[in-house]
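Each remark here refers to the structure printed beneath this line.
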Amino acid sequence: MQNDNLYFGKDLEAMSFARNYHQWILEEFMPYIGEEVAEVGAGVGNFSDYLLKSTAKHIAAFEPSDNMYPDLESKFSENSIVSPENAFFEDKVNNYTERFDSVCYVNVLEHIEYDREALEAAYKSLRPGGHVLIFVPALSFLYSNLDKDLGHYRRYSKKGLAEVAEAAGFQVEKIHYVDIVGIIPWYIVFVLMKKSMVGSSVSTYDSWVVPIVKKLEQIIRPFVGKNLMLVGQKK
């Protein structure tokens, strides 16, 4: 994620409060997860906890950041399902050719400068019929100083994310925007006011807004949203 193998994860700390948001992501990905899973950029294991509620029987959790990996390793030291690895996934992919049923990138792909090459590695690691599961920030006009500080190279458009997945060899099975309601608050707080993300505000939004938005968007997919979700299949 960062070239010097240090990542100061303010977003990960704040997003640890986003329990409903993570559960929402898990439910969307659930039909595609399978038993052998790679989680790229696992951080301190926030989303790994949710993958443990899925069909996964083994999770290879890759975290290259030297200051975050010890927490990830400690968290799952007595868990036989999760295997933390202090490495960039792309550097280890030759050890995992056609190994996984799914590869997850949850709030990770935006941190990777060469995203197509990263997805090509994911393609190589998947069994035929396996899936790449991607959740990323969306809409370039929402790119803020916060995004820059967090090491985000970009925010994605629907077309742009589909194109990079297809260029890596995937057939896009599902792609849609998520959280239309979050666009305006994000724009005001982080673009106009240039604020930082804090756990208390994340927790409030997650507790009061996300459950309602989730139910509405499961009925009617929004034409735009603060985030994007993609499921791609290895042909």
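What is the Cα centroid distance between the range 91-134 and the range 57-74, reported in whole angstrom?
16
Karplus couplings for the range 167-183 from phi (6.51 cos²θ - 1.76 cosθ + 1.60, θ = phi - 60°), rounded to Hz, Gly and Pro as x?
The phi angles translate into 5, 7, x, 7, 9, 6, 8, 8, 8, 7, 6, 9, 6, 5, 5, x, 4 Hz.
For Phe100, list long-range residues whose amide hydrogen, built 1.01 Å from N in the peptide plane, is under 5 Å from its own amide hydrogen.
Leu126, Arg127
Which links in Lys57/Lys159; Lys53/Lys158; Lys92/Lys148; Lys57/Lys124; Lys148/Lys234 stretch past 26 Å when you go from one Cα to the other?
Details: Lys57/Lys159 33 Å; Lys53/Lys158 28 Å; Lys92/Lys148 28 Å; Lys57/Lys124 21 Å; Lys148/Lys234 32 Å.
Distance filter (> 26 Å) returns Lys57/Lys159; Lys53/Lys158; Lys92/Lys148; Lys148/Lys234.
Of the heavy-atom accessible surface of the chain (probe 1.4 angstrom), what whole percent is carbon and sulfur?
Numbers: 5790 of 10870 Å².
Here carbon and sulfur together make up 53 percent of the probe-accessible area.
Rule-of-thumb check for the chain: C-alpha Rg over 2.2 N^0.38 Å?
Numbers: Rg = 16.6 Å, N = 235, 2.2 N^0.38 = 17.5 Å.
Taking the Cα Rg and dividing by 2.2 N^0.38 Å, one obtains 0.95.
Under a crude label model (7 Å from the Cα following the beta-carbon direction), how far is Met193 from Ala87 in nanometres?
Going from the Met193 label point to the Ala87 one covers 4.4 nm.
How large, in Å, is the range 98-234 by the Kirkwood hydrodynamic radius built from its alpha-carbon pairs? Walk me through the numbers on the way to the answer.
Details: mean 1/r = 0.0636 Å⁻¹.
Averaging 1/r across every pair of different Cα atoms and inverting gives 15.7 Å.
How far, in nm, would the chain grow between Lys57 and Ser203 when pulled straight, counting 0.36 nm per residue and subtracting the alpha carbon separation? All intermediate terms of the calculation are to be shown ahead of the outcome.
Values: separation 146, 0.36 × 146 = 52.56 nm, distance 2.99 nm.
Result for the pair: 49.6 nm of gain on full extension.
Which net charge results for the neighbourhood of Leu26, defined as the other residues with beta-carbon distances under 11 angstrom from its beta-carbon, given Lys and Arg at +1 and Asp and Glu at -1? Mind dumping the intermediate values first?
Details: positive: Arg19, Lys53; negative: Glu27, Glu28, Asp49.
Taking every Cβ under 11 Å from that of Leu26, the sum is -1.
In whole Hz, with x marking every Gly and Pro, tabulate ³J(HN,Hα) for the range 27-39 from phi via Karplus 6.51 cos²θ - 1.76 cosθ + 1.60, θ = phi - 60°.
4, 5, 8, 3, x, 10, 6, x, 9, 9, 10, 10, 10
Which cross-chain or sequence-distant (5 or more) residues have an amide H under 5 Å from the amide H of Met68, H modelled 1.01 Å from N in plane?
HN-HN under 5 Å from Met68: Tyr7.
Arranged from highest to lowest average of other beta-carbon atoms within 10 Å per residue, in what order do the peptides 147-160, 60-73 appear? Display every interim value, and only then the final one.
Details: 147-160: 16.4, 60-73: 20.8.
Descending mean neighbour count gives 60-73, 147-160.
What residue among Phe29, Phe76, Phe223 has the largest mean-square fluctuation in a Gaussian network model of the chain, using Cα springs under 10 Å?
Evaluated over the chain, the most mobile residue of the options is Phe223.
When we measure straight from the Cα of Lys174, which aspartates and glutamates land under 17 angstrom away, once same-chain ones fewer than 8 places off are left out?
Result set, ordered by chain and number: Glu27, Glu28, Asp101, Glu163, Glu166, Glu217.
Could you give the alpha-carbon Rg of the range 62-141 over 2.2 N^0.38 Å, rounded to two decimals?
Values: Rg = 13.6 Å, N = 80, 2.2 N^0.38 = 11.6 Å.
With N residues counted in the range 62-141, Rg over 2.2 N^0.38 Å equals 1.17.
Let me check I've understood the local charge: for Tyr177, count other residues with C-beta under 14 angstrom from its C-beta, Lys and Arg +1, Asp and Glu -1. What total comes out? Please report the intermediate quantities before stating the final value.
Numbers: positive: Arg155, Lys158, Lys159, Lys174, Lys214, Arg221, Lys226; negative: Glu28, Asp179, Glu217.
Taking every other residue near Tyr177 into account, the sum is +4.
Summing Lys, Arg as +1 and Asp, Glu as -1, what charge do residues with Cβ under 15 Å from the Cβ of Leu228 carry, Leu228 excluded? Before the final figure, lay out each step's value.
Details: positive: Arg154, Arg155, Lys158, Lys159, Lys174, Arg221, Lys226; negative: Glu28, Glu110, Asp115, Asp147, Glu163, Glu166, Glu173, Asp179, Glu217.
Taking every other residue near Leu228 into account, the sum is -2.
Would you mind telling me which residue in Val37, Val136, Val224 has the biggest mean-square fluctuation in a Gaussian network model of the chain, where springs connect alpha carbons within a distance under 10 angstrom?
Looking only at Val37, Val136, Val224, the biggest GNM fluctuation is shown by Val224.
Once phi is turned into θ = phi - 60°, what whole-Hz ³J(HN,Hα) does the Karplus curve with 6.51, -1.76 and 1.60 give for every residue of the range 221-226, x standing for Gly and Pro?
Couplings: 5, x, 7, 7, x, 6 Hz.
Can you list residues whose amide H is under 5 Å from Lys174's amide H, if they're 5+ apart or on another chain and H is modeled 1.01 Å from N?
For Lys174, whose amide H was placed from the backbone, the distant partners under 5 Å are Val231.
Nothing charged except the Cβ atoms of Lys and Arg (+1) and of Asp and Glu (-1): what's the magnitude of the dipole of the chain about its Cα centre? Round to the nearest 20 debye. Walk me through the numbers before you get to the answer.
Numbers: 24 positive and 32 negative charges, 186 e Å.
Around 900 debye, computed over the chain.
The values are calculated or read from the model by the stated rules, or taken from the named source; none is laboratory data. Just so we're clear, the structure is a prediction, and the values are computed from it rather than from any experiment. Note that each Cβ is placed from the backbone with ideal geometry, even for glycine, and that neighbours are counted across all protein chains shown. Side chains included, ligands, DNA and RNA excluded: accessible areas come from the protein's heavy atoms. Shrake-Rupley method; radii C 1.70, N 1.55, O 1.52, S 1.80 Å.
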